[in-house]
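Derivation of every value follows stated rules applied to the coordinates shown; laboratory data play no part. Owing to the predicted nature of the structure, the values given are computational and were not obtained by experimental measurement. Please note: Cβ atoms are built from the backbone with ideal geometry, for glycine as well, and neighbour counts cover all protein chains shown.
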Amino acid sequence: MKLGIFDSGAGGLSVLKSIIESRIFDSIIYYGDTARLPYGTKDPQSIINFSLEALDFFNSQKIDMLVVACNTASAHALKAMQSKSKIPIIGVIEPGIKALQNKITNQDARILILATKATIQSGQYQDRLKALGYKNLYAIAPSLFVPLVEENIFDGKILEEVMSFYFKPIDFIPDAIILGCTHFPLLANAISQYFQNKSILIHSGEAIVDFIKHKIPTQNTSTTTLKFFASSDVESLKKTARKWLDLPNYSFLKT
Ligand code: DGL
């Protein structure tokens, strides 16, 4: 099976990592729209237009399935992409919600949703959780987390300051935290520690692997071939991939 993974930039590598570890796909094409990152601050129509352009690229790659790793694109452009494609296209929001449902059965649980401005404004997480009966929802867009991760800042004073700034209104320990942005799993340890390691964290990458395993018959592959594409500076994307994925046995093909 050949899988495509789409993200606005390098953040989707957090989803790629979980998918590689699942050993479901023998070939993965990753495309990051690095020239136009961040999507999270853009208007919905631009997000749809960029995502449809990405779909055109994937159509030329003959993939069997596409994962939209970007929460912002999943929130705004998934339907438009699905309506223009013959292959299955999976976003990260539905798997994230399913993962939360599996872990949190108490509908009075306090759930903190962390995502980009555009994802929060779409109301996708909030509406779906409300429809499932969850009552205590808190949504925050910690926009500065994205550039911090891009700068490989995963802990330390700057991050602590930024977390205090955004989490000030949250004067309680959430029962669950949805990491509703590709970049946030890289800050999982810091976010968890901030809330005294007492919250359950929901990570899109892990959620999507469970979701795919339920959707299609899977078998283990021995190696995964990775191919990276980007709308700008693919070498920098590959460098980040080598660092974040830490998977020396996998082949990195030239783009
Ligand atoms: N990939 C985006 C997401 O998951 C975060 C970065 C961006 O704003 O483009 O929402």
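Measure up LYS84/LYS117; LYS62/LYS98; LYS42/LYS157; LYS79/LYS238; LYS198/LYS243; LYS79/LYS168 against 31 Å on the Cα-Cα distance and list the ones that go over.
LYS79/LYS168
If amide H atoms are built 1.01 Å from N in the plane of the peptide, which residues on other chains or at least 5 residues away come under 5 Å of the amide H of VAL67?
HN-HN under 5 Å from VAL67: GLY4, ILE5, PHE6, ILE90.
Counting only C-alpha contacts under 8 Å and six or more residues apart, can you give the relative contact order of the stretch 1-72 as a whole percent?
Relative contact order, the stretch 1-72: 53 percent.
Taking the Cα centre as origin and putting +1 on Lys and Arg beta-carbons and -1 on Asp and Glu beta-carbons, what dipole magnitude results for the chain, to the nearest 20 debye? Kindly include the intermediate steps, with their values, before the conclusion.
Details: 27 positive and 23 negative charges, 106 e Å.
Around 500 debye, computed over the chain.
Run the reach check for LYS103 against aspartates and glutamates, Cα to Cα strictly under 16 Å, same-chain hits fewer than 8 apart removed. What comes back?
GLU94, ASP175, GLU206, ASP210
Which is farthest toward the positive dipole end of the chain among ILE216, ILE48, HIS76, measuring Cα position about the Cα centre, with Cβ charges +1 (Lys, Arg) and -1 (Asp, Glu)?
My answer, from the dipole projection, is ILE216.
Got the relative contact order for the stretch 148-201 handy, in percent, Cα pairs under 8 Å and 6 or more residues apart? Could the numbers behind the result be given before it?
On the way: 38 pairs, mean separation 22.8, N = 54.
Relative contact order for the stretch 148-201 comes out at 42 percent.
Treating the beta-carbon of each Lys and Arg as +1 and of each Asp and Glu as -1, no other charges, what is the dipole magnitude of the stretch 81-173 about its Cα centre, to the nearest 20 debye? Display every interim value, and only then the final one.
Numbers: 11 positive and 9 negative charges, 111 e Å.
Using only the charged Cβ atoms, the result is roughly 540 debye.
Would you mind calculating the relative contact order of the chain from Cα pairs under 8 angstrom and at least 6 residues apart, reporting the percent as a whole number?
This gives 28 percent for the chain.
Assigning unit charges at the beta carbon (Lys, Arg +1; Asp, Glu -1) and nothing else, what dipole magnitude in debye, to the nearest 20, does the stretch 101-245 show about its Cα centre?
The calculated dipole for the stretch 101-245 is roughly 380 debye.
Taking every eigenvalue of the Cα gyration tensor of the chain, multiplying by 5 and rooting it, what semi-axes result, largest first, whole Å? Each step should come with its number before you reach the end.
On the way: eigenvalues 152, 81, 66 Å².
For the chain, the ellipsoid semi-axes come out as 28, 20, 18 Å.
Taking only DSSP H segments of four or more residues, each worth -39500 (n - 2.57), what value at 222 nm results for the chain once the sum is divided by all its residues, to the nearest 500 deg cm²/dmol?
For the chain, the value works out to -13000 deg cm²/dmol.
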